[in-house]
């Protein structure tokens, strides 16, 4: 069920020409070549490239800032 939802997020982002960057759970992945989902495989390749690493790092910084702001407001 969760895979279907994630696939939907990737497909929707592609329709709007937005780069959806999702983290990779390496603990649950035995071999990155055995990924069944085409969009997840593309995401993994992107995150391993220089541009993807930079974008993901910025995403994590922004999420951390939002969490801090939420904590300060509540």
Inset, instruction - Would you please give the FRET efficiency between residue 33 and residue 69, computed as 1/(1 + (r/R0)^6) with r the Cβ-Cβ distance and R0 = 35 Å, to the nearest 0.05? - result: 0.30
Inset, instruction - Within 10 Å, count the other beta carbons around each residue, average over each peptide in 5-16, 38-49, 61-72, and list them highest first. - result: 38-49, 5-16, 61-72
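Where a number appears in this text, it was derived from the coordinates with a stated rule and is not lab data. Predicted, not measured: the structure shown is a model, and the values here were computed from it. Backbone-built Cβ (ideal geometry, glycine too); neighbour counts: all protein chains shown.
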